[in-house]
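Just below is one structure, and these are the notes that go with it.
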Amino acid sequence: MTDYSETTSWTSFLKSVSSFSGDLSAFTAPPFILSPVSLSEFSQYWGTYQDLFLAIAQINKHNHEAFFPQIRSVKSPNVTRMLAVLQWYLATLKCQYTSRTQGDRFEKKPLNPFLGELFVGKWENDGSKKDDTILLTEQVSHHPPVNAFSIFNEDHNIRIQGYTQIKSSFSKTLKLNIRQNGHAILETNGHSFLITLPALHLEGIIVARPYVELEDSSYIQSSDGMIWKIDYSGKGYFSGQKNSFSAYLYKNTAAMEKRDKPLFTVSGQWSGVSTITDGNKEVLFSDVSKYKPHSLRVKPISEQHCLESRKAWDDVARAIELGDMKLISQTKSKLENEQRQLRKKEEAGNTPWQNRWFEKIDIIEEQIQPDLNGNTYNKLVALSKMAGLSTKNIQSGQKLGSREHRKCNTALHWAFIQDKWLQEEDIKV
Ligand code: CLR
């Protein structure tokens with residue numbers, strides 16, 4: 001294990017961090033902390049556990065009792081579906097937040113996606129083409145950076161779409177705090193789920209071995225009324241273990257606000273083992289290490305479009321792998337200058353960049369009505385309302401009455417426009 005924390009490049013990096021302005025891309029970090037992978041690839045973590053994802057769509061009133069045989073008190077398909085959603089969600093957390101730090105690896109600074117950058121791929125399930133799950137990712141904004149994604153499996157009738165916009169700040173103790181705006185919406189067979197994005201921080205920066213820990217709470221609101229409240233904590237908070245959580249299932253938001261007894265409580269490590277109890281017996285809920293991760297199939301670079309992430313960043317990625325600082329900055333500058341030229345041309349010609357598969361929707365101006373049978377954005381409004389959460393452009397999962405909610409006046413959200421994908425001619429998965 002190399003000790004990078006003693007190097008002069010790290011010490012000077014730490015110095016530059018103490019005068020941090022909020023824009024992570026502005027840093028010149030030493031090569032050993034640079035990742036050759038773009039942040040636009042992170043959307044794939046939502047789909048890594050295909051079996052758990054597709055299982056959510058299989059639950060119905062005839063078969064639901066077969067899903068969690070160890071849990072005796074599950075009586076309805078809706079409760080079973082909520083359990084399945086949590087089980088899948090916990091596995092996605094493991095991917096999102098620990099997959100890059102297995103063994104003696106540590107979190108690195110991902111490449112900062114350019115406007116219009118795309119990352120697409122598919123998970124091949126039982127081999128038949130119809131059964132593939134498709135991933136579409138688009139960098140829909142550069143300032144501020146916003147990454148939108150859509151994952152769908154037509155055959156199984158399940159889809160998830162969402163977007164993230166991260167805000168970061170360094171604390172005095174050199175902890176990097178990350179807040180996410182955005183959400184994910186899961187839809188299957190007439191049921192929908194609003195998933196809020198957790199807050200997190202990076203620890204281990206001083207010793208040059210950063211890793212993620214989640215904090216505060218996030219929610220999963222179901223269109224059937226039930227809601228999961230998930231509380232996160234790290235080592236030495238209310239448990240001695242890293243990646244700890246407790247999730248409480250309530251029959252509705254009112255029961256959650258009144259702190260009624262939850263229908264179920266699941267607790268343990270989101271990156272490992274968790275148990276479930278209905279207040280009586282406690283049994284195993286999930287052991288993430290037992291599930292098989294499915295890898296995403298991405299076309300070889302030679303077959304990719306120039307907007308596709310791996311093709312666009314190829315030279316930079318290679319320079320990072322070589323650890324050649326000069327080559328890294330040369331190749332990066334080339335890409336960044338091209339982007340700057342493009343923006344200038346757009347401005348001069350009054351022809352702004354066109355988003356590809358996503359559209360920005362102003363839910364205040366369009367006065368979108370809460371409607372669980374409407375499109376995804378009517379559902380966003382309806383589910384947020386059920387959960388008592390704000391739909392404004394603030395940190396994901398904030399309450400209606402929160403200070404942030406009262407201070408913010410915009411509610412612009414990114415929506416996947418399926419027709420645009422159906423009409424797509426240049427990009428193939
Ligand atoms: C992006 C959205 C994903 C979940 C996710 C996982 C890990 C986060 C990442 C998000 C944002 C960028 C991130 C990363 C871990 C480390 C990295 C915070 C939230 C930062 C930028 C690395 C900084 C390294 C410096 C210390 C050099 O769905």
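Throughout, read-outs are computed from the coordinates displayed, never taken from laboratory work. This one's a predicted model, so the numbers in the text were calculated from it and none came from an experiment. Note that each Cβ is placed from the backbone with ideal geometry, even for glycine, and that neighbours are counted across all protein chains shown.
Using the count of nearby Cβ atoms within 10 Å as a rough guide to exposure, how do SER246, SER218 rank from fewest to most?
In order of increasing Cβ crowding within 10 Å: SER246, SER218.
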Charges only on Cβ, +1 for Lys and Arg, -1 for Asp and Glu: so what's the dipole of the chain about the Cα centre, in debye to the nearest 20?
1020
At a Förster radius of 30 Å, what calculated FRET efficiency corresponds to the Cβ-Cβ distance of ASN177 and SER12, to the nearest 0.05?
0.85
Would you kindly state how much longer the chain becomes between LEU412 and ASN60 on full extension, computed as 0.36 nm times their sequence separation minus their alpha carbon distance, in nm to one decimal?
123.2 nm
Which whole-number percent gives the relative contact order of the chain, counting Cα pairs below 8 Å spaced six or more residues apart?
15
Where nothing but the Cβ of Lys and Arg (+1) and of Asp and Glu (-1) is charged, how large is the charge dipole of region 234-286 around its Cα centre, in debye to the nearest 20?
100
Would you order LEU296, LEU136 from fewest to most other beta-carbon atoms within 10 Å of each residue's own beta-carbon?
LEU296, LEU136
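Based on other C-beta atoms within 10 Å, arrange VAL85, VAL429, VAL298 from fewest to most.
VAL429, VAL298, VAL85
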Residue (of THR80, HIS62, TYR49) at the positive-pole extreme of region 1-124, dipole from beta-carbon charges
HIS62
Which FRET efficiency value, to the nearest 0.05, do you get for ASN375 and ARG403 by plugging their Cβ-Cβ distance into 1/(1 + (r/R0)^6) with R0 = 41 Å?
0.85
In nm, give the distance between the simple-model label positions of GLU154 and ARG318, each being 7 Å from the Cα along the Cα-to-Cβ direction.
3.7
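How large is the dipole of region 130-203 about the Cα centre if only Lys and Arg carry +1 and Asp and Glu carry -1, each at its Cβ, rounded to the nearest 20 debye? Before the final figure, lay out the partial values.
Values: 6 positive and 7 negative charges, 123 e Å.
I would put it at about 600 debye.
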Answer with one residue from SER99, HIS305, TYR250: the one whose Cα lies farthest towards the positive end of the charge dipole of the chain, charges on Cβ with Lys, Arg +1 and Asp, Glu -1.
TYR250
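Taking the Cβ of PRO352 as the center, what net charge do the other residues with Cβ under 13 Å away carry, scoring Lys and Arg +1 and Asp and Glu -1? Working shown, then result.
Working: positive: ARG343, LYS344, LYS345, LYS360; negative: GLU346, GLU347.
Charge balance near PRO352 sits at +2.
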Cβ-defined net charge surrounding ARG406, 13 Å radius [Lys, Arg +1; Asp, Glu -1]:
+3
If exposed means no more than 13 neighbouring beta carbons inside 10 Å and the site is in a DSSP loop, what's the longest run of the chain without any exposed trypsin sites (Lys or Arg not before Pro)?
282-427
Filter LYS109/LYS392; LYS175/LYS332; LYS94/LYS326; LYS109/LYS172; LYS258/LYS385 down to the pairs with a C-alpha to C-alpha distance above 25 Å, please.
LYS109/LYS392; LYS175/LYS332; LYS94/LYS326
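For Cα pairs less than 8 Å apart in space and 6+ apart in sequence, what is the mean separation divided by the residue count of region 188-285, i.e. the relative contact order in percent? Mind dumping the intermediate values first?
Numbers: 199 pairs, mean separation 16.1, N = 98.
After rounding, I find 16 percent.
Contact order normalised by length for region 252-379, with contacts defined as Cα pairs under 8 Å and 6 or more residues apart; what percent is it?
On the way: 78 pairs, mean separation 10.4, N = 128.
Rounded, it is 8 percent for region 252-379.
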Cα-based equivalent ellipsoid of region 238-395: semi-axis lengths in Å, sorted from largest, via gyration tensor:
43, 29, 15
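Once you have the Cα-Cα distance between SER19 and TRP353, take 0.36 nm times their residue separation minus that, and quote the gain in nm to one decimal. Before the final figure, lay out the partial values.
Numbers: separation 334, 0.36 × 334 = 120.24 nm, distance 3.28 nm.
This chain segment gains 117.0 nm when fully extended.
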When N counts the residues of region 197-274, how does its alpha-carbon radius of gyration compare numerically with 2.2 N^0.38 Å, as a ratio?
1.25
Determine the distance separating the Cα centre of region 316-386 from the Cα centre of region 85-123; give it in Å without decimals.
18
Which one, LEU194, LEU136, ASN157, projects farthest toward the positive side of the charge dipole computed for region 134-195 from Cβ point charges (K/R +1, D/E -1)?
LEU194
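Averaging over every viewing direction, what projected area does the convex hull of the Cα atoms of the chain cover, in nm²? It would help to have the intermediate numbers written out before the result.
Details: hull surface 88.7 nm².
Its Cα hull, projected and averaged over all orientations, spans 22.2 nm².
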